[in-house]
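Comments concern the structure below.
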Amino acid sequence: GSIAGNVFLDSPIAFNLDGVYISHPPGADGLFYDLERVEVLKGPQGTLYGRNATGGAINVLSNKPVLGEFSADVSGEYGNYSQLRGDGVVNVPIGDVAAVRAAVFHVQHQPYMNDHTDDQDDTGGRLSARVEPTGNLTIDVMGDYFRQLGEGVGHTVVANNIFGGSALPGPNFSTADRVGLSSPQTTAFLAEQPDTLLGAPFGPYSSTTFQNNNVWGVSSTVNWTLPFGSLTFVPAHRESHIDYQSNVGVVLRELTNDKQSSVELRLASNDEYRLRYLVG
């Protein structure tokens, strides 16, 4: 969790994808498909997972290509609000020492709110390759892409109870009615509410909301098992291009381009000795 009000603050939870720290929170979107496991570690985790992991770490580990095995899987879902989701995975061996794996997904549904917000239109894909030229050397290469379209998150108006018993009257609709901020019902309600600071009724909220977010990354993990330990090399590059406008009572517009590059090198000792070390 994070209460950061803007993108310039680091989250106290370190988020990692296949050993790569993701510094920009939107860069963690669209990753939860074709996974081997998700690790949730309590904090602080400064030793292995870098700075500011005071709250802990979340490690998302994707499925790696399997050598010598061809496999494929397809699944689909359908629900209310015309919800559709499709997932596909294929694993293709290349000789005896290499394999590639491709995974894709798409999910969409119609708006939950009556002002056409709270919809979904997400598409993602991941392509990975594994090479094991020798028994003690493994090379993994991965690239992923995620696109998020639609109108974005929706909101509604509720009664203001922060003043105790002197709360202003609430609207004649409830949260279950799914009445959005830019709907005619909300506009009519706001026209009757006094703005005590400006001395006039509230005006209507903007109806212009959208999101066009793109996230992609490439990384590699090289593991070399030596007689005295394991040497791991992890170069990576990731970019997030965030472009959205949301209505949260005020119009929030964000246009962010984030790029990160990292190189990690670790030497870990074998576990069977009394003296153990980790150097990086």
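For M142, the solvent-accessible surface with a 1.4 Å probe is about 20 Å², rounded to the nearest 10. Cα centroid separation, the stretch 226-273 to the stretch 174-191: 40 Å. (i) 24.1, 77; (ii) 21.2, 67; (iii) 18.3, 57: which one is Rg and Dmax of the Cα atoms in Å as calculated from this entry? Here Rg and Dmax of the Cα atoms in Å agrees with entry (i).
Among Y145, Y244, the order of accessible area from largest down is Y145, Y244, computed with a 1.4 Å probe on protein heavy atoms.
Among residues other than Y81 with Cβ under 14 Å from its Cβ, the summed charge is -3 (Lys and Arg +1, Asp and Glu -1).
Counting helices only, and only those DSSP H runs with n ≥ 4, report the 222 nm mean residue ellipticity of the chain as the sum of -39,500 (n - 2.57) divided by its residues, in deg cm²/dmol to the nearest 500.
Result for the chain: -1000 deg cm²/dmol, rounded to the nearest 500.
At 0.36 nm per residue, minus the direct Cα-Cα distance, what do F210 and L61 gain on full extension? Give it in nm, one decimal, please.
Details: separation 149, 0.36 × 149 = 53.64 nm, distance 3.08 nm.
Between F210 and L61, full extension yields an extra 50.6 nm.
The values are calculated or read from the model by the stated rules, or taken from the named source; none is laboratory data. The shown structure was predicted, so the numbers you read here are calculated from the model rather than taken from an experiment. Counting neighbours? That spans all protein chains shown, and the Cβs are built from the backbone with ideal geometry, glycine included. Keep in mind that these areas ignore ligands, DNA and RNA; they rest on the heavy atoms of the full protein, side chains included. Shrake-Rupley method; radii C 1.70, N 1.55, O 1.52, S 1.80 Å.
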